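The values are calculated or read from the model by the stated rules, or taken from the named source; none is laboratory data. Here the structure is a predicted model, which is why all the values come from computation and not from measurement. Every residue, glycine among them, receives a Cβ derived from its backbone with ideal geometry; neighbour counts consider all protein chains shown.
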């Protein structure tokens, strides 16, 4: 897929690689990149992503269903990219607790592979500009609030599985910054804080789609612990819009950015908000952590980002209200059920 020649007075078409592009955040990013006029190559093994999240392949969209290592090996040396977005990862609290080996191996190995691939892959022969998706989990269980990018981090013991995910994302960041400094691969690191919206599923412990699914079914919304722990939820469409803007500014290269909302809400209030917005007859049920995670789990009382850096860099401000996000998740879930039923009928 060669770059298109630029018309007089226009910018050259960007060639972009997105790993995990059929996933929740990735698919929204791909739509935005295509709308921008880019030529996009998506690599996804569909282990957690879904093919239906993707637009139909076209002259500007190429979809490669494969393991990331295999796909990168298969891409010839002549394949160059202006931008690389690495969003492929093992995600979700439940997946981390139930399959830590997969989580650790996937997150570290794939990030190292994409950074090695990025070397010399820009049209100029330099390293391709690469965004690495990280997580607010990197902050660990620090009691400081809000979390700022240069804060110290505090992790629990290695016997508590959940902290393995935080450590893998921290290593991803170390790798990205090392390649930036040593290997001429300009890198931007984004720490996501509870991104939510259509196409997110609750299979891996994601709280908001889990609540919405229960509210639609009329079953109890299960809130872990006492429900007073707080989080900040940001719509995926606000997040996806911010990523290309961070890549466009040279001042952002080699830096780490919190991206999310800084408006906290408790889990019990979130459950009540979902019930109210959707007019559900469901009730809230408190579930002890020992019942939800028999293998052991350590939660945080709060997680709120300091957005000063990203606001100064690109003027980032979340715009989609939480109530709208809840309605849109519910609408997407209903449509997905109808589509799934239709596919089963055809089968």
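Structural remarks
- Boolean, residue 145 is surrounded by 24 or more Cβ atoms within 10 Å (Cβ to Cβ) and either over 21 Å from residue 22 (Cα atoms) or modelled with pLDDT of 90 or more (or both): no
- Residue within the range 94-115 that is in contact (Cβ under 8 Å) with a residue 60 or more places away in the chain and outside any helix (DSSP H, G or I) present: no
- Looking only at the range 26-53, and only at residues there that are assigned to a helix (DSSP H, G or I) and in contact with a helix residue (DSSP H, G or I) (Cβ under 6 Å, 6 or more places away or on another chain), the one that is nearest to residue 196 (Cα to Cα): 28
- Scanning the range 217-237 for residues that are in a loop (DSSP other than H, G, I, E, B) and surrounded by 21 or more Cβ atoms within 10 Å (Cβ to Cβ) yields a total of 1.
- Yes/no for residue 149 being under 21 Å from the mean Cα position of the chain (by Cα) and over 17 Å from residue 87 (Cβ atoms): yes
- Checked against (1) under 27 Å from residue 33 (Cβ atoms); (2) at pLDDT 90 or above; (3) in a loop (DSSP other than H, G, I, E, B); (4) out of contact with any helix residue (DSSP H, G or I) (no Cβ under 6 Å at 6 or more places or on another chain), residue 88 passes all but a single condition, namely (4).
So that you can scan it fast, the table gives a plain yes or no per residue for (1) under 16 Å from the mean Cα position of the chain (by Cα); (2) part of a helix (DSSP H, G or I); (3) buried (at least 18 other Cβ atoms within 10 Å of the Cβ); (4) modelled with pLDDT of 95 or more:
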| site | (1), (2), (3), (4) |
| --- | --- |
| 203 | yes, no, no, no |
| 211 | no, yes, yes, yes |
| 214 | no, yes, yes, yes |
| 256 | yes, no, yes, yes |
| 270 | no, yes, yes, yes |
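- Just one of (1) surrounded by fewer than 15 Cβ atoms within 10 Å (Cβ to Cβ); (2) within 19 Å of residue 301 (Cα to Cα); (3) at pLDDT below 90 fails for residue 160. It is (1).
- Any chance residue 72 is crowded, with 19+ Cβ neighbours inside 10 Å, in contact (Cβ under 8 Å) with a residue 24 or more places away in the chain, in a helix (DSSP H, G or I) and in contact with a helix residue (DSSP H, G or I) (Cβ under 6 Å, 6 or more places away or on another chain): yes
- Taken residue by residue, the range 118-130 has no member that is exposed (fewer than 14 other Cβ atoms within 10 Å of the Cβ), at pLDDT below 95 and not in a loop (DSSP other than H, G, I, E, B).
- Among (1) surrounded by 18 or more Cβ atoms within 10 Å (Cβ to Cβ); (2) touching a strand residue (DSSP E or B) at 6+ places or on another chain (Cβ under 7 Å), the one test that residue 154 misses: (1)
- So residue 184, is it closer than 30 Å to residue 331 by Cβ, surrounded by fewer than 22 Cβ atoms within 10 Å (Cβ to Cβ) and modelled with pLDDT of 90 or more: no
- Selection count, the range 21-69, where residues are over 25 Å from residue 105 (Cβ atoms) and free of Cβ contacts under 8 Å to residues at least 24 places away in the same chain: 5
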